[in-house]
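Asker: Take this structure, written in structure tokens, and hold onto it; I'll ask about it next.
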Amino acid sequence: MDAGPVSMPTQPKDQDTDERFMGRALELAAEGAALGEVPVGAVLVLDGDIVGEGFNRPVNSCDPTAHAEIEALRAAAGRLGNYRLTGSTLYVTIEPCTMCAGALVHARVERLVYGAVEPRSGAVVSSARVLDNPALNHRVAVTAGVLEDAAAKLLRDFFRARRARTQPGARDD
Ligand SMILES: [Zn+2]
């Protein structure tokens, strides 16, 4: 018999859910941009609820590890009183770096959903493939490209504005 469309990668309902949580991550990214930070936002979801969120803020916090993903993982782990975040999904607007991909494994995050790829420092499909390392004892499922245009636009606008500001002779605010 005709098997029909057997491969349905994402049900519409799941896609709506992913876009809703990514929408919140994008809001957080914009908060970071307003503070002069490279705009990246993240939320950690467990059982349908946001249990941690954050945005990239290494400059303002004087903390090189203060990436959006780490902020969301810290907030969630503190709130739940558990350093393992088993069964959770992390939403982040941009492909994670090596540090953050590693942190997802340490936290036992079940699923990663990201928006735009980061060709230089991205460590899921771009410059490295940390989550594919066969030596790791934990697998993270990955969904890419959710609201990627909005995530990439935030970054583009941020860097364009920064370049304009740092142009010699350009007005500074
Ligand atoms: Zn990172």
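Asker: Filter segment 93-108 for residues that are more than 19 Å from residue 20 (Cα to Cα) and among the hydrophobic types (A, V, I, L, M, F, W, C) and give the result.
Answerer: Hits for segment 93-108 are 97, 99, 100, 101, 103, 104, 105, 107.
Asker: Can I ask one more? Does residue 88 qualify as being under 20 Å from residue 53 (Cα atoms), among the small types (Gly, Ala, Ser) and at pLDDT 95 or above?
Answerer: Criteria met by residue 88.
Asker: Under 7 Å between Cβ atoms, which residue pairs at least 6 apart in sequence (or on different chains) link something in segment 83-98 that is among the small types (Gly, Ala, Ser) with a partner that is in a strand (DSSP E or B)?
Answerer: As it stands, the answer is 87/46; 88/44; 88/45; 88/46, since those pairs meet every condition given.
Asker: In segment 66-173, which strands (runs of 3 or more DSSP E) lie fully inside it and hold 2 or more residues that are small (Gly, Ala, Ser), crowded, with 17+ Cβ neighbours inside 10 Å and in contact with an Asp or Glu (Cβ under 9 Å, 6 or more places away or on another chain)?
Answerer: Passing ranges, in order: 111-116.
Asker: With of a type outside the set (Lys, Arg), touching a residue at least 40 places away in the same chain (Cβ under 8 Å) and more than 14 Å from the ligand (Cβ to nearest atom) as the only criterion, which of 164, 144, 75, 135 stands out?
Answerer: 144
Asker: For residue 61, all conditions in the list (1) in contact (Cβ under 8 Å) with a residue 12 or more places away in the chain; (2) surrounded by fewer than 24 Cβ atoms within 10 Å (Cβ to Cβ) hold save one; what is the number of the exception?
Answerer: Tallying (1) in contact (Cβ under 8 Å) with a residue 12 or more places away in the chain; (2) surrounded by fewer than 24 Cβ atoms within 10 Å (Cβ to Cβ), residue 61 fails exactly one: (1).
The values are calculated or read from the model by the stated rules, or taken from the named source; none is laboratory data. These numbers come from a predicted model, not from an experiment. Glycine also receives a Cβ, built like all others from the backbone with ideal geometry; neighbour counts cover every protein chain displayed.
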